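**Student:** Attaching a single structure in C-alpha cells format; questions to follow.
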Amino acid sequence: MAPYHFSVTVHEPFELAAKKTREALIDHGFEIVSEIDMAAMITEKLGVAHDPYLILAASNPGFARRAIDHDPAFGVLFPANVVVRADGDHSVVIDFLDPAVIVDLVGEEPIHRIADEVRTRLEMTRDAIATA
C-alpha cells in the first residue's frame with residue numbers, strides 16, 4: 001500500500017468495475033460529485049491513446065458538513081478521489097485516497113476523527129467491491 005492510498009484489484013471488465021465502484025460508494029453514504037475520464041482527456045488533448053482511467057470525486061455530505069463547520073476552509077481539501085484504472089488486459093485497480101493524508105495537513109483532532117470515519121467507510125466500499 002502506498003502511503004497516500006489503498007486499493008483493490010478486481011478481475012472483470014473496466015465498465016463493470018466502474019459501475020460496481022459507483023454503486024458501492026453510494027451504498028456507503030458517498031455522493032459522486034464529478035467524474036473525470038482521464039483517458040478521454042489525454043486522447044483528446046494530447047492525441048495519445050491511454051488505458052481506461054476514471055477519477056470519481058466522492059463526498060459524504062454529513063462528514064463534509066462536520067468538517068466545514070469545524071473549519072470553513074477545509075473544503076479546499078474535498079472531495080475524496082477514487083480512481084478506477086485498467087491494469088493489463090483483465091484487471092482493474094480501484095485506488096482510494098486515504099483521508100488521513102489530507103487531515104495530516106490540518107493536524108486538528110476533530111478533523112482526524114472525521115477522517116477515521118471516512119476511511120472506515122471507504123474501506124467498507126473497497127471490501128464491497130472486492131466481494132461483489
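**Student:** Taking the conditions exactly as written (hydrophobic (A, V, I, L, M, F, W, C) and surrounded by 14 or more Cβ atoms within 10 Å (Cβ to Cβ)), does Ala49 satisfy them or not?
**Tutor:** No, not satisfied.
**Student:** While we're here: Name the one entry in Ala115, Ala67 that is farther than 29 Å from Leu16 by Cα, among the aliphatic types (A, V, I, L, M) and surrounded by 20 or more Cβ atoms within 10 Å (Cβ to Cβ).
**Tutor:** Only one candidate passes the filter, namely Ala67.
**Student:** Still on this model: Please tell me if Arg66 is among the basic types (Lys, Arg), in contact (Cβ under 8 Å) with a residue 40 or more places away in the chain and either in a strand (DSSP E or B) or more than 24 Å from Ile36 (Cα to Cα) (or both).
**Tutor:** Answer is yes for this residue.
**Student:** From the set of residues in the stretch 1-37 that are among the aliphatic types (A, V, I, L, M) and not in a strand (DSSP E or B), which is farthest from Asp127 (Cα to Cα)?
**Tutor:** The qualifying residue farthest from Asp127 (Cα to Cα) is Ala2.
**Student:** Which number in (1) at pLDDT 85 or above; (2) within 12 Å of Phe6 (Cα to Cα) marks the one condition that Arg121 misses?
**Tutor:** Only one criterion in (1) at pLDDT 85 or above; (2) within 12 Å of Phe6 (Cα to Cα) is unmet by Arg121, namely (2).
**Student:** Does Asp87 satisfy the criteria of being within 21 Å of Tyr4 (Cβ to Cβ) and in contact (Cβ under 8 Å) with a residue 40 or more places away in the chain?
**Tutor:** yes
**Student:** Can you tell me which residues in the stretch 112-125 are farther than 20 Å from Gly75 by Cα and in contact with a helix residue (DSSP H, G or I) (Cβ under 8 Å, 6 or more places away or on another chain)?
**Tutor:** Result: Thr125, single match.
Every residue, every condition in (1) at positive phi; (2) in a helix (DSSP H, G or I); (3) in contact with a Leu (Cβ under 6 Å, 6 or more places away or on another chain); (4) surrounded by 15 or more Cβ atoms within 10 Å (Cβ to Cβ), yes or no:
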| residue | (1), (2), (3), (4) |
| --- | --- |
| Ala39 | no, yes, no, yes |
| Thr43 | no, yes, no, no |
| Ala58 | no, no, yes, yes |
| Phe74 | no, yes, no, yes |
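**Student:** Out of all the residues in the stretch 76-95, is one or more at pLDDT below 90, part of a helix (DSSP H, G or I) and at negative phi?
**Tutor:** Yes, that holds for at least one residue.
The values are calculated or read from the model by the stated rules, or taken from the named source; none is laboratory data. Only a predicted model underlies this, so the values are computations on that prediction, with no experimental measurement involved. As a convention, Cβ positions derive from the backbone with ideal geometry for all residues, glycine included, and neighbour counts pool all protein chains shown.
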